[in-house]
Structures are given as C-alpha cells and as structure tokens.
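The values are calculated or read from the model by the stated rules, or taken from the named source; none is laboratory data. These numbers come from a predicted model, not from an experiment. Please note: Cβ atoms are built from the backbone with ideal geometry, for glycine as well, and neighbour counts cover all protein chains shown.
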Amino acid sequence: MAVTGIPSGRHRRVVLKLSGESFSHAGERGISMEEVTHIAEQTARAAQLGVEIAIVIGGGNILRGAQFTAASTRIQEATGHYMGMLATVINGLALQDALESVGCPTRLSSAIRMDGVAEPYIRRRAARHLEKGRIVILACGTGSPFVTTDTAAAQRALELEADILLKATRVDGVYSDDPEKNPHAVLYSELSYHQVREQNLRVMDPTAIAQCMEHDMPILVFNFRKAGNIERAVSGEKVGTLIRSQAAEPR
Ligand code: UDP
C-alpha cells in the first residue's frame, strides 16, 4: 500500500539517515562489518528499484561531541563536535566499500574538506551523482558544530529536493514512550510535526523537525533491522511512522 499524502508508488529521490549505532552490534560501539554489510545489501536492493539514494551517516558508534562537554575532558565543546563529524567519515568509508562490494557505485562526499578520502560536498555535484544512479554517502554532517547528523539529514533532504527523509532506527517507529523501557508504549502510524513537538516525542533533534516542518518535508521513521524494510521505505510502502503536516489521528 502506498503511503497517503506523499507521492504514491516509488519515490524518485530519498535521503536515508543512518545513525552510527546501526553500524555496531546492539549495545556495542565501533564498527561491525557484519552490520554494515547487512545495511549495504538492503540498500543495494533498494537502489535496484531505480530510486536515487543519498545517505547521511552518523558517528555515534564512535563518538558524539556532547560526551566531551565536561570541563574535566579539557576538550572544548566545539572540538568535540568536530571530532564527531570526523567519526562519520570513518563510517562513510566502511559503508562505501560495503556498498561497492555488492555492486553499487558510490561517492563519499564530505562537508569538511578531506580531499584524500572524500570529495567535497557540492550540492549540484551530489545531485548529478544521484541522477547517474550513484549512491551518495554524505559525511561530516552540516560541517558545523553544535548540531547533529539529523539536522544534516533534514538540510540535505531539502537542498537535494528529496521526496522524503527516511530515518532508520532500531525500533518500529515513533512510540508514545521508550518501547525498550515501557512495554505499554503505543506505536503511532502517523503524526504531524506539531504532535511531535507538543508531545516532545523522540524522533529527531528539534532543529531537524523544525526544518522539515517549515518546508513540509515528510519523515518516515522505520526499523531498518526488519528484513526488507529499507526497500519498503524507499518504495513508498507503509512501514513505521509517517510524520507530515496533516497526519491522520494518532493510533
Ligand atoms: N556533528 C556536528 N555537526 C553536524 C553533525 C554532527 O557537530 O552537522 C557532531 C556532533 O557532535 C554529533 C557527532 O558529530 O554528536 C556525531 O553525529 P550524530 O550524533 O548525529 O551521530 P548519530 O547519533 O546519528 O550516530
């Protein structure tokens, strides 16, 4: 069944947000190539549907800037954020090789210049790669500290004129409470941006939600661990929780 309210059928272009934690075994840190390969295989099948895919990659499996905020670390907060952005490049390199090993042409594009390992992010260049069927991996977030790769995903979805922002998570969508702690948490099928903000639901960071809301960019929050879900999300099928301006009543 096609998702209502967004173009029916397969999407033309999507931005897929993968957190760093999708690259490691549950509860662990670092990179598990078993996990990365699993994601790459799913993404390759989605790309075979003919959908243009840009991937914004997180870095939380390696480090997040916020962990260095304590004065005792002697690392300035902004430095911590730059370290976090560099972590996304490490993930991006792993994902690039995993995707190419399953036959997907890719480009790794970085918001911070790093010419030896990635090309600089230039919007029109990234769009051209997408048109040519290459998967573009977007590393280093926005290139600026104090935000997260969620904000980068919202920004890139807007500037690359994606049909939808696909937020891959370990749970089935957006719940009324943390489903890993509260067994009675309710899974929403659809939500409006306002509901997400008013109920303070943990979806993406507030800046990302605000940007999507302002420009009417739909967000689909879905479980990438369920077999076939990346393909389903990319092809516009109803999985997870859809967030858009006019949501049906939450259920
Ligand atoms: N980061 C940043 N600016 C950006 C994107 C990321 O400063 O535009 C830093 C920030 O410290 C963040 C870290 O990079 O915590 C890793 O990204 P994120 O936490 O979004 O990774 P994820 O949770 O998706 O794995």
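The rows are residues; the columns are (1) closer than 22 Å to residue 49 by Cα; (2) modelled with pLDDT of 95 or more.
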position	(1), (2)
102	yes, yes
110	no, yes
126	yes, yes
143	no, yes
146	no, no
Worksheet item: For region 80-126, which residues satisfy the criterion of being touching a residue at least 24 places away in the same chain (Cβ under 8 Å), farther than 21 Å from residue 24 by Cβ and within 16 Å of the ligand (Cβ to nearest atom)?
Response: 82, 109, 110, 111, 112, 114, 118, 123, 126
Response to the item:
Checked region 210-225 for anything modelled with pLDDT of 95 or more and buried (at least 18 other Cβ atoms within 10 Å of the Cβ); matches are 211, 212, 213, 217, 218, 219, 220, 221, 222
Worksheet, complete the sentence: Restricted to region 131-157 and to residues being surrounded by fewer than 23 Cβ atoms within 10 Å (Cβ to Cβ) and more than 10 Å from the ligand (Cβ to nearest atom), the residue nearest to residue 98 (Cα to Cα) is 134
Worksheet item: Applying the selection to region 165-209, what residues are buried (at least 19 other Cβ atoms within 10 Å of the Cβ) and under 22 Å from residue 145 (Cα atoms)?
Response: 165, 167, 203, 204, 208, 209
Worksheet item: Of all residues in region 79-122, which are under 28 Å from residue 66 (Cβ atoms) and in contact with an Asp or Glu (Cβ under 6 Å, 6 or more places away or on another chain)?
Response: 109
Worksheet, complete the sentence: Flagged pairs (Cβ under 6 angstrom, 6 or more apart or on separate chains; first in region 56-69, in contact (Cβ under 8 Å) with a residue 60 or more places away in the chain and part of a helix (DSSP H, G or I); second near the ligand (Cβ under 7 Å from one of its atoms) and not polar (S, T, N, Q)) are 65/80; 65/81; 65/84
